[in-house]
Amino acid sequence: MNESCMLQRNNKGRLYILSAPSGTGKTTLCTSLLELVPNLKESVSFTTRKPRVGEIQDMDYTFISVEEFKLMLSGGQFIEWAEVFGNYYGTSFKRIEDILASGGDVLLDIDIQGVRQIKAKHTDAVFIFILPPSMETLEQRLRGRGKDSEEDIIKRLHVAKKEIMECVFYDYIIVNDLLDHALNQLQSIIISNRLRTDGIDYQWLENHFDIH
Ligand code: ADP
Ligand code: 5GP
């Protein structure tokens, strides 16, 4: 991403929350987005789900047991958590705080239940919903991914129909039809939010323009 503007930002990172029905292409989009946008980092979630083929511990998720999850939960370690498709998922307070403390923006890939919890705590977070082009395409993508059982695919398609109408609670909606197009739109959202006045370092402005 070419940030030619020399404006200096303050150190307050922002949370970018992405949700989409499973199979829409959220993971694919997030992977490319993280390569394209400097200073944007994903907070790796904890889950009790079993790893899919090719998934790597602490990169895709931190895979833990139900007992470990419940221990973290009772210790207040999650900023949000949810049960999705029979497994627990949670976002660690510490992981988010570490990214924000390093001056980065945080990318979170969470479901609608988690979104509701974050909305109540982070009023300046940016909520983005990704739609598939159609139910037919969603089914093709779930099947094409080849990582979910037939039972899981049917469950995910059923849940997708309920999730889609939740998009009204988000700030932005993107349709992931052509990958590059959706990626461009995602990048634009981050660029425009980084240029918001509440992200600018006013001390720097005063010094830079010699205003005293
Ligand atoms: P999610 O994380 O939302 O569950 P994935 O990123 O795993 O979805 O994508 C599901 C499947 O769809 C993958 O096989 C991926 O390669 C494919 N896919 C993602 N985005 C697109 C796109 N824009 N066009 C075609 N296929 C896509
Ligand atoms: P999957 O198992 O297919 O990777 O993810 C299933 C669903 O769980 C997706 O909708 C994903 O956004 C959601 N999810 C992943 N991590 C978290 C998390 O930490 N919290 C919540 N609430 N949802 C999550």
*Scanning for something in a strand (DSSP E or B) and either farther than 24 Å from Arg52 by Cβ or open to solvent by 90 Å² or more (accessible area, probe 1.4 Å) (or both), does segment 116-126 turn up at least one residue?*
yes
I'd like to check something: does segment 73-83 contain any residue that is aromatic (Phe, Trp, Tyr), touching a residue at least 40 places away in the same chain (Cβ under 8 Å) and within 11 Å of ligand 2 (Cβ to nearest atom)? no
When segment 26-40 is checked residue by residue, the ones that are surrounded by 19 or more Cβ atoms within 10 Å (Cβ to Cβ) and not in a helix (DSSP H, G or I) are Val37, Leu40
Taking segment 140-156 and keeping only residues that are open to solvent by 60 Å² or more (accessible area, probe 1.4 Å), in a helix (DSSP H, G or I) and charged (D, E, K, R), one is left with Arg141, Arg143, Arg145, Glu150, Glu151, Lys155
Q: Using the structure shown, decide if Phe93 is more than 16 Å from ligand 1 (Cβ to nearest atom), open to solvent by 40 Å² or more (accessible area, probe 1.4 Å) and among the aromatic types (Phe, Trp, Tyr).
A: yes
Next item on the list: Would you be able to say whether some residue in segment 80-97 is of a type outside the set (Ser, Thr, Tyr), touching a helix residue (DSSP H, G or I) at 6+ places or on another chain (Cβ under 9 Å), assigned to a helix (DSSP H, G or I) and modelled with pLDDT under 95?
Entry: no
### Message
Being free of Cβ contacts under 8 Å to residues at least 60 places away in the same chain, out of contact with any Cys (no Cβ under 9 Å at 6 or more places or on another chain) and basic (Lys, Arg) is the requirement here; does Lys119 meet it?
### Response
yes
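The values are calculated or read from the model by the stated rules, or taken from the named source; none is laboratory data. Values in this document were obtained by computation on a predicted structure and should not be read as measured data. All Cβ positions, even for glycine, are placed from backbone atoms using ideal geometry, and neighbour counts span all protein chains on display. Keep in mind that these areas ignore ligands, DNA and RNA; they rest on the heavy atoms of the full protein, side chains included. Shrake-Rupley method; radii C 1.70, N 1.55, O 1.52, S 1.80 Å.
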